[in-house]
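Engineer: One structure, pasted below without further comment.
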Amino acid sequence: MGSSRRYWFPLAALGFALLVMVAVEVVPDDIEAAQGYPLTQGLSGLGTGGVGGTGYPETQFYGIAFAASADVVPSATLGWLAGLICVVLAVAAWYWWPLRRQRPGRFLLGTLGALAAVPLLDLVGALQLRLDGDVRGALLAALGLLLLAGYERSWFVLAVAGVFALVATVFLPPVAGALTGAGVLFAAAFAVLLRPRPDGPEAV
């Protein structure tokens with residue numbers, strides 16, 4: 001493992017982002033179900049020709065929309081792009097303080113490159129690899145963990161990246177995978193903070 005324990009924060013930050021993403025996805029559905037609004041009744045006129053009297057324009061529109069989206073890769077259920085960008089910014093701020101005197105220009109360029117790489121790699125995964133949106137997001141997060149493992153020279157983070165990629169892409173639906181992945185990340189962060197050091201105490 002690496003000589004520093006500061007990489008507990010990226011692990012915890014990604015885990016927290018996953019919890020927020022799941023909450024944003026689940027809570028509105030629960031509120032709507034609790035309210036019990038008859039939305040289908042309110043929209044019944046639009047679906048049966050309430051506009052125009054025959055329903056033909058709506059049928060034609062939905063047929064075109066279905067044909068246009070038949071070959072489209074499924075989008076993400078969770079807000080992976082927003083979550084990963086927030087994690088990149090949080091991790092950059094975390095590492096900025098100890099590294100602020102060591103080539104700040106290169107550090108800034110690296111941060112900007114990471115921010116630009118998130119949507120670009122997601123686009124490549126959608127257009128070239130035809131991956132599901134939630135699979136792309138989980139693999140991008142795992143790639144970030146791999147980069148963290150290389151930077152910190154930590155075999156532990158490397159193992160965490162492998163376990164995270166496995167549980168976040170195998171578990172269905174995506175919400176279950178995100179929750180399991182968050183549990184893995186929080187457990188890893190606590191393990192980093194609580195592990196004893198043979199060379200004595202060290203500031204995190």
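Engineer: Quick check on region 145-158: of everything there that is open to solvent by less than 40 Å² (accessible area, probe 1.4 Å) and touching a residue at least 24 places away in the same chain (Cβ under 8 Å), which residue is nearest to Phe190 (Cα to Cα)?
Structural biologist: Initial filter on region 145-158 (open to solvent by less than 40 Å² (accessible area, probe 1.4 Å)): 145, 148-149, 152, 154, 157.
Next cut, touching a residue at least 24 places away in the same chain (Cβ under 8 Å) only: 145, 148, 152, 154, 157.
Working: Leu145: 16, Leu148: 17, Glu152: 17, Ser154: 15, Val157: 13 Å.
It comes out as Val157.
Engineer: Same structure again: With assigned to a helix (DSSP H, G or I), at pLDDT 95 or above and either surrounded by 11 or more Cβ atoms within 10 Å (Cβ to Cβ) or basic (Lys, Arg) (or both) as the only criterion, which of Leu46, Leu108, Leu14 stands out? Before the answer, list the steps.
Structural biologist: Numbers: Leu46 fails: at pLDDT 95 or above; Leu108 fails: at pLDDT 95 or above.
Going through Leu46, Leu108, Leu14 in turn, just one is assigned to a helix (DSSP H, G or I), at pLDDT 95 or above and either surrounded by 11 or more Cβ atoms within 10 Å (Cβ to Cβ) or basic (Lys, Arg) (or both): Leu14.
Engineer: Then there's this: Looking only at region 97-105, decide whether some residue is part of a loop (DSSP other than H, G, I, E, B) and surrounded by 13 or more Cβ atoms within 10 Å (Cβ to Cβ).
Structural biologist: In the first step, residues of region 97-105 are kept if they are part of a loop (DSSP other than H, G, I, E, B); the result is 100-103.
Retained after the next criterion (residues that are surrounded by 13 or more Cβ atoms within 10 Å (Cβ to Cβ)): none.
No.
Engineer: In region 116-134, is there at least one residue being loosely packed, with under 12 Cβ neighbours inside 10 Å and at pLDDT below 85?
Structural biologist: There is no residue in region 116-134 that is loosely packed, with under 12 Cβ neighbours inside 10 Å and at pLDDT below 85.
Engineer: Considering only region 159-177, state which residues are crowded, with 16+ Cβ neighbours inside 10 Å and assigned to a helix (DSSP H, G or I).
Structural biologist: Step one: filter region 159-177 for residues crowded, with 16+ Cβ neighbours inside 10 Å, giving 160-161, 163-169, 171, 174-175, 177.
Across region 159-177, the qualifying residues are Val160, Ala161, Val163, Phe164, Ala165, Leu166, Val167, Ala168, Thr169, Pro174, Val175, Gly177.
Engineer: Within region 100-113, is even one residue in contact (Cβ under 8 Å) with a residue 60 or more places away in the chain and either of a type in the set (A, V, I, L, M, F, W, C) or within 22 Å of Leu185 (Cα to Cα) (or both)?
Structural biologist: Within region 100-113, not a single residue is in contact (Cβ under 8 Å) with a residue 60 or more places away in the chain and either of a type in the set (A, V, I, L, M, F, W, C) or within 22 Å of Leu185 (Cα to Cα) (or both).
Engineer: I need a count of the residues in region 97-137 that are in contact with a helix residue (DSSP H, G or I) (Cβ under 7 Å, 6 or more places away or on another chain) and of a type in the set (A, V, I, L, M, F, W, C).
Structural biologist: 9
The values are calculated or read from the model by the stated rules, or taken from the named source; none is laboratory data. Source: prediction; values computed, not measured. So basically every Cβ, Gly included, is an ideal-geometry build from the backbone, and we count neighbours across all protein chains shown. Quick note on the areas: whole protein, heavy atoms, side chains included, nothing else; ligands and nucleic acids left out. Shrake-Rupley method; radii C 1.70, N 1.55, O 1.52, S 1.80 Å.
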